[in-house]
Amino acid sequence: MSAIRAWGALVGLLAACCLVEGGVADNEVDRTQFEAAFQGRCDETSPCDQLCYELHDGMYECDCKEGYILREDGYSCYEINSTVSPFSVEDLMTSGVEDVLYQKDAVMDAVEILPANATDAAKPDDAATAVVNVTTPSVGKINFTTQGPRLEQKLTSDGHAAAKSTTPIRAVPNITASVSTVKPCPLDCGPGGGCSLEDLETPMCLCPLGRSGERCQIEREIESPRFTGSSWLAFPALRGAYKHVQLSLELRPEAYDGIFFLTGERDDMAGDFMALLLHQGFVEFRFDCGSGVGVVRSEETVLLNQWNHVTLYRHRWDAWLQLNNGKHVQGRSKGLFSRITFREPLFIGGPGNTTGLEEKLPVSNGMKGCIRHLEVNDHAYKFAPVPKGEAAKGYGIEECTADRCSHVPCQHGGKCLTSDKSAICLCPLGFSGDLCEIRVDLQVPSFNGSSHLRYRGLAETALTWLDLDVTFKPTSPDGLLIYNGHRIDGSGDFIGVHLDAGHVVFTYNLGTGAASATTRRPVALGEWHQLRISRTGRLAVLAVDRQPPVEVLSPGAFTQLSLPQNLYLGGVPNFGIVAPHIPAKTSFVGCIQRVRVNAQPVAILAEALGGANVDNCPHPCVARPCGEDGDCVPEMEYFSCKCKPGYRDRLCSRGPPYFHGEDSYIRAGDAAAVEAASSDRFVVNVRFKIADKSGLLLSAFGNGSYLSLGLEDGALVLRFNTRGGDEEIKVVHNSSTVYDRLWHRVKAVKSGSIGLLIVDNGAAVTRQSVDVSTRKVIDPSDEGLYVGGMPGASLRRLTGYSTGIVGCVADLVVNTDLHLQLVARSELGHNVSECEA
């Protein structure tokens, strides 16, 4: 064994001799370290003190057990916690400190200095000259200077040394940002900030870690960093990772290329290194142990704008990589050497102050996106700056708002969407709620500004002419209502309807220029409106409600319109698909109840190919008033029932109730009806046709409150008492004739002491008078809602009317959600028959 050990030592001496013969003087070289690869096998003839590993190509190398470190002879070990240092002060003065870095509790500190014979003007540009303070458990604090690059020797099987040029260790606190610009950057980015030019045109600030804003004026704590492509974080150099690295990372990329993990031996990438990056969407791990780059590449691409999980395991020259739940892929670095020297800082999100990337990596820019978890060898990194975290430097770092989605567990396939202040779930069709937890029976869709419905495009059906009818109710003055285009990037033919400060705007392009038509007056918010668009060739006409039509002629000679892309209603999932001629950057907020294309009705929900965040609009159809045998067809504030096939003679086909005036009525006395009658705000929508000038149409009683709606000498009159019951409010509408045997609609509202009447979607009448209320004794048996009249004994006593109406009432909705199914309740009434058409 002693002879074998002597042979191993002789190999080391021969390597040193070869080095001097190669022209490198002793005083220019630090004491060499060897990663010795011996020829042979791991058996009783090997010189290894503790562990032996067989390599490829008939080689082996020695290693040490936990708590021990390999000596520079390549085969013997010494104990890390030994009170006897394996190095003398002289050794430290002439050797590198890589082994010191591997010692437990070693502390490193570095500051840049000038050589003894240098002046300020002659200070070198690179930071190759440094004073390094090394403190170990067994060695006192020692100050020494390393001049220029040092050469680390890795011994090959033939006894010759392969030299690797390395820079001295540079501690992280002295990292300085160098921002390259093409022309002077005019911004003052504050202390520690750097000014850069985005795309060579737009100046921007790269703020130091912990600050943000246009001029780095805002202090910000960083928990989950977001990188812009030009930003980075720096941590101290990896320790104890020279032969084994286990890494776990969660990232949310916004682009398919970028470096998000980089560290190594030299800042010019000439020595050992390890990099994890995105290249054309694939995750790549590239590493070099000193004799050639190894590459491991995922078989799947990352998911943009979603959280991805990357797992990496490297042991010596072998590496394994997994992206999300994809396949484990394996690779190996070139050559015999299996250890990586880490002296540079660990850069996250970008390359930091390293150079020479073009020769080693396929990308040189940093990643664009977020990182929320990084764990290396069981150590989870804290991204905040010291002392709250571990980051020593950083530039251009923002707090990742996308990480808010980790606290928003969207259900039923919902997707999380972030804004500057919050995160919301985009729910698929049929679900709503903050977490998409509510199953919704959609009847009349409502849109909240992050919603949309998607349909097949108009394609060639709108080639020469197009008629489009839409009934909508906006609650915001701005937003995109309809869009259909020719190309996914917004170029080419398109049609679009959007609201601009309440004005309806129709814009279209036949291929030779866009044209727009805008209504003269804005539409009222919170009310239903009818939009009609007619286009024939280059001419288009826009009409909304009773406003004067607006005509527009598109420029150029083209007359046909081709729209192969999807048609979107209520908004779009991405405004990048919208033509730039449409200035809207927000989606529609409100309700849409009817769409007709070329006179053909579109089943808004049944024909939708997809959508997000669509809920029910407050509308009578939500209560499914037509039962299981019919479909509710919205008609502005009201509806009609369309019977399903095979149900002609059943409930759906039965006509609405007909009231005879004398002791003829339907009563709803359930708890919901009584509660509605007792509420301070009472809204009723009713459709009717009558022939007489007088009669009670509707009344409500509950908890001392009363309300009546009827005809008095041809005028519609709303009466109700105030909360105290001492005053009676009277609202009269006499500008429309409603006793002409035709169907009419009326909306009556009581809100505190304010009342109004709207007939057939006309102007609201709010003129009211106040009378002293006559106290009415309302028994519990009187409480509830009455339609068409009341029992004869109570009619005059409680309402002052002598008779009910003679005519029909088709439907009744109270407070938007309580629908009185009059057909189903006919049997609960008295002296009621079926209305004839």
Quiz prompt | Cross-link pairs beyond the 31 Å C-alpha cut-off, checked among Lys642/Lys689; Lys65/Lys393; Lys415/Lys750 | solution = Lys65/Lys393; Lys415/Lys750
Exercise. Kindly state, to the nearest 0.05, the FRET efficiency for Ser534 paired with Glu628, given R0 = 30 Å and r defined as their beta-carbon distance.
Key: 0.20
Quiz item: If R0 is 41 Å, what FRET efficiency do you get for Lys327 and Thr586 from their C-beta distance, rounded to 0.05?
Solution: 0.45
Quiz item: Got a sec? How would Tyr313, Tyr739 order by Cβ neighbour count within 10 Å, fewest to most?
Solution: Tyr313, Tyr739
Practice problem: Please give the contour-minus-distance gain from Asn703 to Leu304: 0.36 nm per residue of separation, less the Cα-Cα distance, rounded to one decimal in nm. | Solution: 137.7 nm
Quiz item: Can you sort Ile438, Ile218 by how many other beta carbons sit within 10 Å, fewest first?
Solution: Ile218, Ile438
Quiz prompt | Computed magnitude of the charge dipole of the stretch 445-618 (debye, nearest 20; Cβ of K, R +1, Cβ of D, E -1) | solution = 140 debye
Quiz prompt | Extension gain (nm, one decimal) between Thr401 and Ala606, 0.36 nm per residue minus Cα-Cα | solution = 70.2 nm
Quiz item: What length, rounded to one decimal in nm, is gained on full extension from Val541 through to Cys42, with 0.36 nm per residue of separation minus their alpha-carbon distance?
Solution: 170.7 nm
Exercise. May I ask you to sort Cys643, Cys62 by Cβ crowding, counting other Cβ atoms within 10 Å and putting the fewest first?
Key: Cys643, Cys62
Quiz item: Where the Cα atoms of the stretch 311-358 are projected onto their three principal axes, how long is each span, largest first, in whole Å?
Solution: 34, 30, 19
Exercise. First check a/c for the stretch 653-834, with a ≥ b ≥ c the square roots of the eigenvalues of its C-alpha gyration tensor; if it is under 1.5, answer rounded, and if not, answer prolate when a/b is larger than b/c or oblate otherwise.
Key: rounded
Exercise. Set the Förster distance to 41 Å, then compute FRET efficiency between Lys693 and Gln411 from the Cβ-Cβ distance, nearest 0.05.
Key: 0.10
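Read-outs: derived from the displayed coordinates by stated rules, not from any lab. Small disclaimer: the values here were computed from a predicted structure and weren't measured. In this analysis, Cβ positions are derived from the backbone assuming ideal geometry, glycine residues included, and neighbour counts consider all displayed protein chains.
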